[in-house]
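*Asks:* If you scroll down you'll find the structure; I have some questions about it.
The values are calculated or read from the model by the stated rules, or taken from the named source; none is laboratory data. Given the structure is predicted, the values throughout are model-derived calculations rather than measurements. Backbone-built Cβ (ideal geometry, glycine too); neighbour counts: all protein chains shown. Note: accessible area is taken over every heavy atom of the protein model, side chains too, but ligands, DNA and RNA are not part of it. Shrake-Rupley method; radii C 1.70, N 1.55, O 1.52, S 1.80 Å.
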Amino acid sequence: MPRQTLATLTVTLTLLFCSALPAGAYDMGEGDAPLRLSAGLSHTVYVDETGTLWAWGSNQASQLGTETQETGTDLEGNPIPYASQPLAVMEDVVSASAGADFTVALKTDGTLWAWGGNDYGQLGNGTQTASAAPVQVLDQVAAVAAGDYHVAALRTDGTLWTWGDNLYGQLGDGTFTSRATPAQVMENVTAVAAGVATTAAVQADGTLLTWGDNLFGQLGDGAAESRPTPQAILTGVAAVAMGGYHGAALLTDGSLLTWGSNLDGQLGSGATSEVLQTKPAPVTLPGAATAVFAGTGHTVALLADGTLWTWGRNDHGQLGLEGAAATVPQPTQVPQVTGVAAVAAGTYHTACLLDDGTLLTWGAPALLGSGTEAWAEGEEAAAAQVSLEEGTSWVPLIALGGSLVILVSVGLATRPRRG
């Protein structure tokens, strides 16, 4: 099974912290906890305690929601606008999620706003026209998760609404037709996650349902065929994370299950394999987990004792394990990690927010929000502390952080499109 390229823009730029999100990462805590930290394909967003939304990274599709003055380059050497430092974008924000080339933000009044690229209707405003300015999509929204080019929003009444790209059935409406406006697909939902082209939802009784792209077994239903309708695969689920081509579920007893591709060791089985794991299988950890996050090719788990464990792809140091191999197929503790409030796992980097408000990133230098303007294959950097005071410098650190609970995590990547 060939490796899928996840970065159409691994740029000479500086990104923020990443999720699981796919999708992204939700804040730790209860099921309705907001998503304060999220990484898209080439940009990252963070909501601070005052409700200010910060963004940095590529601004090629206006996904940062604000003008940028710096210029970087994409893989082909073409110049692109970007921000190497966090830029304040919007106030009164509760949570935000970063897609491949767009951003969605949930405000304190329950309204959902989107901006950036819109080729597949991912802005949800009925058009396929990109927008540099935020456009309102929905109201009465409780949580949101952005996949690569689609969005899933949980409203306050427990209904789930989706829109955007639907090539693999990730909208869950029974079709493979993309849709530029939100439509309801489920009821009785308490949490949602979005991967590259997959979606997962947890219902009030702990049932986990998945749908969308399944060519790598990432739906966990025992098959390897894409599916446009939700199907239950697990019960007793407390949290779910959808990565590039794998998924992870945290059960109410603190045990962790993974499924999908294990080409980079992201399933945590202790081995790497091109054989797809199409059903959930347990991951051996030294204690109960309280949170899980899925990046494109790596996985992060937070344990009840406050330790942070990572495994999978590590070609740019995204696991936070100094001197480790490019692939780490078994859970390994990240040194000196305590006091984590949120985590995000991306493609080439990982980030965490500490209880004291400190924001840390590690992995590829160009993605750390540290002002670095270099991208080199195989290059990695020490952990960096990110400052939200525009124009200030970043301080290299050795330690990172860990401790609390996440409900949903989003990781993003780009896979070849059919046709």
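*Asks:* In the stretch 109-184, which strands (runs of 3 or more DSSP E) lie fully inside it and hold 1 or more residues that are more than 22 Å from the chain's Cα centre (by Cα)?
*Replies:* Values: elements: 112-116, 131-138, 141-146, 150-155, 160-164.
In the stretch 109-184, 131-138 are the strands (runs of 3 or more DSSP E) which contain 1 or more residues that are more than 22 Å from the chain's Cα centre (by Cα).
*Asks:* Quickly run through the stretch 90-109 and pick out the residues that are under 13 Å from Ala55 (Cα atoms) and either buried (at least 24 other Cβ atoms within 10 Å of the Cβ) or modelled with pLDDT under 95 (or both).
*Replies:* Within the stretch 90-109, Ser95, Ala96, Ser97, Ala98, Gly99, Asp101, Phe102, Thr103, Val104, Ala105 meet the criteria.
*Asks:* Let me ask another. Looking at the stretch 240-309, what strands (runs of 3 or more DSSP E) fall wholly within it and have at least 1 residues that are farther than 25 Å from Asp355 by Cβ?
*Replies:* Strands (runs of 3 or more DSSP E) meeting the threshold: 246-251, 256-262, 273-282.
*Asks:* For the stretch 69-89, give me each residue that is open to solvent by 30 Å² or more (accessible area, probe 1.4 Å) and in a loop (DSSP other than H, G, I, E, B).
*Replies:* Correct list: Gln69, Leu75, Glu76, Gly77, Asn78.
*Asks:* Let me ask something additional. Looking at Leu388, Leu321, which one is at negative phi, modelled with pLDDT of 60 or more, open to solvent by 30 Å² or more (accessible area, probe 1.4 Å) and not polar (S, T, N, Q)?
*Replies:* Leu388
*Asks:* Additional query: Mind listing whichever residues of the stretch 262-286 are open to solvent by less than 50 Å² (accessible area, probe 1.4 Å) and within 17 Å of Leu303 (Cα to Cα)?
*Replies:* Within the stretch 262-286, Leu267, Gly268, Val283, Leu285 meet the criteria.
*Asks:* Of everything in the stretch 270-300, what is farther than 17 Å from Ala200 by Cα, among the polar types (S, T, N, Q) and modelled with pLDDT under 95? Give them in sequence order.
*Replies:* Thr272, Ser273, Thr290
*Asks:* Determine whether Leu167 is in contact with a strand residue (DSSP E or B) (Cβ under 8 Å, 6 or more places away or on another chain) and either within 25 Å of Gln63 (Cβ to Cβ) or hydrophobic (A, V, I, L, M, F, W, C) (or both).
*Replies:* For Leu167, the condition - in contact with a strand residue (DSSP E or B) (Cβ under 8 Å, 6 or more places away or on another chain) and either within 25 Å of Gln63 (Cβ to Cβ) or hydrophobic (A, V, I, L, M, F, W, C) (or both) - is not met.
*Asks:* Would you tally the residues in the stretch 243-261 being farther than 15 Å from Leu285 by Cβ and open to solvent by 10 Å² or more (accessible area, probe 1.4 Å)?
*Replies:* 2
*Asks:* Say we look at the stretch 324-343 and pick out the residues that are modelled with pLDDT under 90 and of a type outside the set (S, T, N, Q); which of these is nearest to the chain's Cα centre (by Cα)?
*Replies:* Val343
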